[in-house]
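As structure tokens, the structure follows; a few thoughts come after it.
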Amino acid sequence: MTTVGEIARFLESIAPLAYQEDYDNAGLLTGAPEKQVSAVLVCLDATEAVIDEAIERGCNLVVTHHPILFKAIKKLTGATHVERALIKAIKNDVAIYVIHTNLDNVYYNGVNQQIADKLGLQDTRILQPSAALFSLVVTLPASQRENLCTQLTTLGAEAGTISPVQLPEATQQAFVQITFKVPGGLKHAVLEALRQNNALEIADYSLHLLDHKDVTVGAGMIGYLPTPITGQTFLQMVKDSMAAPCVRYTAIPDKPIQKVAFCGGSGSFLLPEAIRQGADVFLSSDFKYHQFFDATDQVFIADIGHFESEQYTTPLLADLLSKKFTNFAVHCVKTITNPVNYFF
Ligand SMILES: [Zn+2]
């Protein structure tokens, strides 16, 4: 038998939790890690209807892309759809596991690789790599040196030079400055550990970017179509291969399209990066009115809708799970959770 925790560990070997964005809430939301899994239901949104489907199909684990829960909740009365889904999951012993921006941010087996495959893009790379290497310099009393080093190296940081410093305001105590190398994916965990540790008397710390060498983690992707095509043909191709009922777009450019920047989900924050890298088109979702203006003469925008851009994440996860585990069934959700409808 396989436990919820074992499945979580497997998914985190593909998309480590440290790669999620600050605002995110990936990981196990409900249920115990030691619980044995009967069957898994994979979806984009763990809505109440999806929990119903899980119960009906005998799945006691729901693996979802979006976390239904982003912030701490102080009441659980069933007043909102989020609370109702959580209550139903807990009452019926259904665990909910979230693999969200950590899956968006990985190059291999991530959300964007699915889009690249669907569109037949080549020579893809991460549009905005985030797993850069940082240098962290911490100043603290010399007596606390080992304590700090143990803590940060346990998290994955690498301790470097240690040098004595003279602080003008502290004549009684000897202080040292310690330099650590911190991989981008661990940045938040390391800073959090510094901020929350009251036992250490940290006088000062600073973080500097060292380089952008690790290009396998980050937001969005950019790649090339095998041959240049017209804007009109690109729109039709996207509509067909991404099963998008409609595409919103800016004025079709005169020049052909070959260099494609793209991002599953709400990727409009990457618009400046797509422009900076000279993409012919930026394909994503949730663009705002003014962003269509911002793109004018700089990049062609194609917006296919949030759900449409991420819908292939469900079969991707189901496929990864069923290849790894053969002792339980893995189902793709049947419930359509897209809250957006189109009227033609
Ligand atoms: Zn999304």
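The values are calculated or read from the model by the stated rules, or taken from the named source; none is laboratory data. Predicted model, so just to flag it, every value in this text is computed and none were measured. Here the Cβ is made from the backbone with ideal geometry for all residues, glycine too, and neighbour counts use every protein chain on show.
Of the residues V37, V50, V42, V63, which single one is surrounded by 21 or more Cβ atoms within 10 Å (Cβ to Cβ), away from the ligand (no atom under 16 Å from the Cβ) and either assigned by TED's automatic domain parsing to the domain that holds S322 or over 23 Å from N327 (Cα atoms) (or both)? Give the steps one after another, and end with the answer.
On the way: V50 fails: away from the ligand (no atom under 16 Å from the Cβ); V42 fails: away from the ligand (no atom under 16 Å from the Cβ); V63 fails: away from the ligand (no atom under 16 Å from the Cβ).
Every option except V37 fails the conditions.
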Legend entry - Of residues in region 68-111 being farther than 27 Å from E48 by Cα and crowded, with 17+ Cβ neighbours inside 10 Å, the one farthest from the ligand (Cβ to nearest atom): Y107
Legend entry - Residues satisfying the stated conditions in region 88-141, i.e. at pLDDT 95 or above, assigned to a strand (DSSP E or B) and small (G, A, S): A95
Inset, instruction - May I ask you to list pairs of residues, at least six apart or on different chains, whose Cβ atoms are under 6 Å apart, with the first in region 304-315 being within 8 Å of the ligand (Cβ to nearest atom) and the second being acidic (D, E)? - result: H306/D286
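How many residues does region 229-244 contain that are of a type outside the set (D, E), within 21 Å of Q113 (Cβ to Cβ) and in a helix (DSSP H, G or I)?
So the first thing to find is which residues in region 229-244 are of a type outside the set (D, E), and the list is 229-239, 241-244.
Remaining after also requiring within 21 Å of Q113 (Cβ to Cβ): 234, 237-239, 241-244.
So of that shortlist, the ones also in a helix (DSSP H, G or I) come out as 234, 237-239, 241.
Count: 5.
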Legend entry - Inter-residue pairs, beta-carbon under 7 Å, first among the aromatic types (F, W, Y) and in region 126-144, second buried (at least 19 other Cβ atoms within 10 Å of the Cβ), 6+ apart: F134/V182; F134/G184; F134/K187
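Does T124 satisfy being within 16 Å of the ligand (Cβ to nearest atom), among the hydroxyl-bearing types (S, T, Y) and within 30 Å of E310 (Cβ to Cβ)?
Details: within 16 Å of the ligand (Cβ to nearest atom): no; among the hydroxyl-bearing types (S, T, Y): yes; within 30 Å of E310 (Cβ to Cβ): yes.
No.
Of the residues L283, L270, which single one is under 14 Å from L225 (Cβ atoms) and either hydrophobic (A, V, I, L, M, F, W, C) or in contact with a Lys or Arg (Cβ under 9 Å, 6 or more places away or on another chain) (or both)?
Numbers: L270 fails: under 14 Å from L225 (Cβ atoms).
Of the residues listed, the single one that is under 14 Å from L225 (Cβ atoms) and either hydrophobic (A, V, I, L, M, F, W, C) or in contact with a Lys or Arg (Cβ under 9 Å, 6 or more places away or on another chain) (or both) is L283.
Could you grab me the full set of residues in region 244-281 that are more than 16 Å from the ligand (Cβ to nearest atom), among the small types (G, A, S) and touching a Phe, Trp or Tyr at 6+ places or on another chain (Cβ under 9 Å)?
Of the residues in region 244-281, the ones more than 16 Å from the ligand (Cβ to nearest atom) are 245-261, 271-281.
Cutting the leftovers down to among the small types (G, A, S) gives us 251, 261, 274, 278-279.
If the condition is that a residue be more than 16 Å from the ligand (Cβ to nearest atom), among the small types (G, A, S) and touching a Phe, Trp or Tyr at 6+ places or on another chain (Cβ under 9 Å), then A251, A261, A274, A279 are the ones that fit.
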Inset, instruction - Check Q122, Q173 and return the single one that is touching a strand residue (DSSP E or B) at 6+ places or on another chain (Cβ under 8 Å) and more than 30 Å from T313 (Cα to Cα). - result: Q173
Legend entry - All positions within region 12-58 that are modelled with pLDDT of 95 or more and assigned to a helix (DSSP H, G or I): E48, A49, V50, I51, D52, E53, A54, I55, E56
Inset, instruction - Give me the pairs, please: first residue somewhere in region 65-80 and outside any loop (DSSP other than H, G, I, E, B), second residue anywhere and surrounded by 12 or more Cβ atoms within 10 Å (Cβ to Cβ) and among the hydroxyl-bearing types (S, T, Y), beta-carbon distance under 9 Å, and either six or more positions apart or on two chains. - result: H65/T313; H65/T314; H66/T337
